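All of the numbers you see were taken from the coordinates with simple rules; none came from a lab. Everything numeric in this text was worked out from a predicted model, so none of it was measured. Cβ placement follows ideal geometry from the backbone for every residue including glycine, while neighbour counts extend to all protein chains displayed.
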Amino acid sequence: MTAAPAINLRDYIRDVPDFPKPGIVFKDITPLLANGDAFAAAVSGLSCHVPPDADVIVGIESRGFIFGAALAQQRNMGFVPVRKHGKLPYEVHGVEYELEYGMDRLEIHRDAVSAGHRVVIVDDLLATGGTMRATVDLVRELGAEVAACLCVIELAFLHGRERLDDVPVHSLLVYE
Ligand code: AMP
């Protein structure tokens, strides 16, 4: 009997040039999500990097919700959303962060995590690292510890990892 061939997640990432604006090559994860085996392989791949003592998954809006929620379910852990400004209904703690042009703001419910929590942050993609950096700061400002940052795709040529040198970062697919 031969084993089933291992899934190459890279085969399920579609490059969309000039989206959402000229010069950007958007890494489209929808082909991966549409394939049950590939989606499961991605979530299992992320799961390998969840430290055993971590107790909550924080997912970043919006594609971080998809992987983060699936991972939380697989690990029987709670899930906490970090959202763009003005989306969360209860009292929030927020952090401003820099975009290529201008600023943006990410928010988390004030009571979502606190001292004693060991958090794993999940997003689909690490580019310049600004979004992940802001989320690490947000979680720490509420007193929780960041055990790891996980993403499916890392655009290594943008050096996002350098902004996250105080936390373990794991990605499943690295584009050099
Ligand atoms: P950054 O803050 O620069 O690391 O950007 C990361 C965030 O922007 C993630 O939430 C990604 O979903 C999104 N993102 C940035 N660049 C891309 C890209 N080339 N393709 C898909 N998503 C991207």
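Summarising the strand pairing of the range 58-127, around 65 percent of its internal DSSP beta bridges are antiparallel. For the range 31-87, the spread of Cα positions along the three principal axes, ordered from largest to smallest, is 35, 31, 14 Å. How high is the FRET efficiency from HIS159 to THR30, r the C-beta distance, R0 35 Å, rounded to 0.05? Calculated transfer efficiency: 0.85. Summarising the strand pairing of the chain, around 35 percent of its internal DSSP beta bridges are antiparallel.
Efficiency by 1/(1 + (r/R0)^6): what FRET value for ASP53 and PHE19, r their Cβ-Cβ distance, R0 = 41 Å, to the nearest 0.05? Before the final figure, lay out the partial values.
Working: r = 39 Å, r/R0 = 0.96.
That gives a FRET efficiency of 0.55.
Here's the picture: a label point sits 7 Å out from the Cα of ASN76 along the beta-carbon direction, and within the range 113-146 the residues with their amide nitrogen under 20 Å of it are 117-120. Considering only MET103, MET132, MET77, the mean-square fluctuation computed in a Gaussian network model of the chain, springs between alpha carbons under 10 angstrom, is largest for MET103. With one equal scatterer per alpha carbon and no solvent term, the Debye-computed log10 I(q)/I(0) for the chain at 0.11, 0.15, 0.16 1/Å reads -0.46, -0.85, -0.96. As a ratio to 2.2 N^0.38 Å, the alpha-carbon radius of gyration for the range 119-161 is 1.13.
Look at the alpha carbon pairs under 8 Å that are at least 6 residues apart: their mean separation over the length of the range 35-176 gives a relative contact order of 23 percent. For ARG10 and THR128, FRET efficiency with R0 = 22 Å and r from the beta-carbon atoms, rounded to 0.05? About 0.55, to the nearest 0.05.
Restricting the calculation to Cα atoms, every distinct pair contributes to the Kirkwood radius of the range 75-158, found to be 13.4 Å. Measuring between their Cα centroids, the range 49-90 and the range 103-176 lie 11 Å from each other. The amide H of VAL169, built 1.01 Å from its N in the peptide plane, has CYS149 as neighbours under 5 Å, considering only residues 5 or more places off or on other chains. Taking the average, over residues, of other Cβ atoms within 10 Å as the packing measure, peptides 116-123, 169-176 rank 116-123, 169-176 from highest down. Phi-derived couplings, Karplus 6.51 cos²θ - 1.76 cosθ + 1.60 at θ = phi - 60°, listed residue by residue for the range 142-148: 8, x, 7, 9, 9, 7, 6 Hz, with x used for Gly and Pro.
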